[in-house]
């Protein structure tokens, strides 16, 4: 299986020839436009399956299958984490979880920007990380920026994943420490004198037990198209996903149990209403419109937790 991740820096419909010549089975493209813009069969070769999510039709994250693999968005998906997309990947010979990542800024909560988004997401999806999974994309992160104030930094993320037996494949292959990379994946402003390593493949030991190979694209082959080079993972895996109970309502019920006893009493009716609304969300399809409804719901429960924290502070 060949999985390629490449931040195309926009306008993928005008750039796809070169990356598709590498014959990916699965392709993850941060900064990719929506299907309406891609015009499958005209400007972009039609994939066997495709998933896209973003705030604007001009830029989001696109996941393409050019093989027999099919995608299924997990019902537990939390669109508040921009953009960490959890997908079941199901093929004839194997299946696994894929977390496709384009870590974004957060101007309202700077401590949650970039690596902060990923840190919050892996904690939210923590109970799924014991399953065979791959996390890949533009993390916009490196250990060299650990000192920046975040809810969780790069080293925190690496350590958290390693406890789940999920490892960074580039660093494993090259036997090199985080922050000491010798193959940059990003050149700021497309200047070769500004190199950084911010794109990654992490994978479960279950997936890589029979070996793998990571390839980092050469800057001279890609800098005319993007400020990023592609990362390619070659791996043979026969992992199979068991049935996943990932109902959004069940996950929300577990989270709401973490409220203080006082808040549970004060807001009992609101909590019951939120759980009922979450059950309705379980049955919605994966249209962007419905995913936005989910986001509005999540905003409500987050506000409830903010109120809970304020109440607890009053009693301190």
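Residue-by-condition table, conditions (1) at pLDDT 90 or above; (2) under 21 Å from the mean Cα position of the chain (by Cα); (3) more than 30 Å from residue 89 (Cβ to Cβ):
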{"position": "221", "(1), (2), (3)": "yes, no, no"}
{"position": "225", "(1), (2), (3)": "yes, no, no"}
{"position": "246", "(1), (2), (3)": "no, yes, no"}
{"position": "257", "(1), (2), (3)": "no, no, yes"}
{"position": "268", "(1), (2), (3)": "yes, no, yes"}
{"position": "285", "(1), (2), (3)": "no, yes, no"}
{"position": "289", "(1), (2), (3)": "no, yes, no"}
{"position": "294", "(1), (2), (3)": "no, yes, no"}
{"position": "298", "(1), (2), (3)": "no, yes, no"}
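Going through the range 197-220 one residue at a time, which ones are closer than 14 Å to residue 4 by Cβ and without any contact (Cβ under 8 Å) to a residue 24 or more places away in the chain?
215
Could you check the range 68-82 and list, in sequence order, the residues that are surrounded by 19 or more Cβ atoms within 10 Å (Cβ to Cβ), modelled with pLDDT of 95 or more and in a loop (DSSP other than H, G, I, E, B)?
Selection gives 69 alone.
Check off (1) outside any strand (DSSP E or B); (2) buried (at least 17 other Cβ atoms within 10 Å of the Cβ) for residue 155 and give me the number that stays unchecked.
Of everything listed in (1) outside any strand (DSSP E or B); (2) buried (at least 17 other Cβ atoms within 10 Å of the Cβ), residue 155 misses just condition (2).
Taking only the range 14-66 into account, find how many residues are surrounded by 16 or more Cβ atoms within 10 Å (Cβ to Cβ) and not in a helix (DSSP H, G or I).
Selection size over the range 14-66: 28.
Within the range 180-294, which helices (runs of 4 or more DSSP H) (wholly inside it) include 1 or more residues that are within 19 Å of residue 87 (Cα to Cα)? Please lay out each step first, then the result.
On the way: elements: 205-208, 248-256, 261-266, 268-282.
Because the criterion is at least 1 residues that are within 19 Å of residue 87 (Cα to Cα), the helices (runs of 4 or more DSSP H) in the range 180-294 that meet it are 205-208, 248-256, 268-282.
May I ask you to list pairs of residues, at least six apart or on different chains, whose Cβ atoms are under 6 Å apart, with the first in the range 75-87 being over 14 Å from residue 137 (Cα atoms) and the second being in a loop (DSSP other than H, G, I, E, B) and modelled with pLDDT under 95?
Cβ pairs passing all conditions: 75/246; 75/247; 76/246.
It is to be established whether one or more residues within the range 104-117 are in a strand (DSSP E or B) and surrounded by fewer than 18 Cβ atoms within 10 Å (Cβ to Cβ).
So the first thing to find is which residues in the range 104-117 are in a strand (DSSP E or B), and the list is none.
Checked the range 104-117: no residue is in a strand (DSSP E or B) and surrounded by fewer than 18 Cβ atoms within 10 Å (Cβ to Cβ).
It is to be established whether one or more residues within the range 203-213 are within 17 Å of the chain's Cα centre (by Cα), assigned by TED's automatic domain parsing to the domain that holds residue 15 and buried (at least 18 other Cβ atoms within 10 Å of the Cβ).
Taking the range 203-213 first, the residues within 17 Å of the chain's Cα centre (by Cα) are 203-204.
When the remaining residues are screened for being assigned by TED's automatic domain parsing to the domain that holds residue 15, the result is 203-204.
If we keep only those that are buried (at least 18 other Cβ atoms within 10 Å of the Cβ) too, we end up with 203-204.
Yes, the range 203-213 has at least one match.
Go through the residues of the range 167-175 one by one and say whether even a single one is assigned to a strand (DSSP E or B) and out of contact with any helix residue (DSSP H, G or I) (no Cβ under 8 Å at 6 or more places or on another chain). Let's see the steps before the verdict.
Filtering the range 167-175 down to residues assigned to a strand (DSSP E or B) leaves 167-168.
Now narrow it down to the ones that are out of contact with any helix residue (DSSP H, G or I) (no Cβ under 8 Å at 6 or more places or on another chain): none.
Within the range 167-175, none of the residues are assigned to a strand (DSSP E or B) and out of contact with any helix residue (DSSP H, G or I) (no Cβ under 8 Å at 6 or more places or on another chain).
Can you tell me which residues in the range 143-171 are in contact (Cβ under 8 Å) with a residue 24 or more places away in the chain, within 20 Å of residue 4 (Cα to Cα) and out of contact with any strand residue (DSSP E or B) (no Cβ under 6 Å at 6 or more places or on another chain)?
Within the range 143-171, 167 is the sole residue that qualifies.
Inside the range 83-103, can you point out the residues that are under 16 Å from residue 123 (Cα atoms) and assigned to a strand (DSSP E or B)?
So in the range 83-103, the residues under 16 Å from residue 123 (Cα atoms) come out as 83-86, 97-101, 103.
If the condition is that a residue be under 16 Å from residue 123 (Cα atoms) and assigned to a strand (DSSP E or B), then 84, 85, 86, 97, 98, 99, 100, 101 are the ones that fit.
The values are calculated or read from the model by the stated rules, or taken from the named source; none is laboratory data. It should be emphasised that the depicted structure is a prediction, and the values quoted were computed from it without experimental measurement. With ideal geometry, Cβ positions are generated from the backbone for all residues, glycine too; neighbour counts draw on all protein chains shown.
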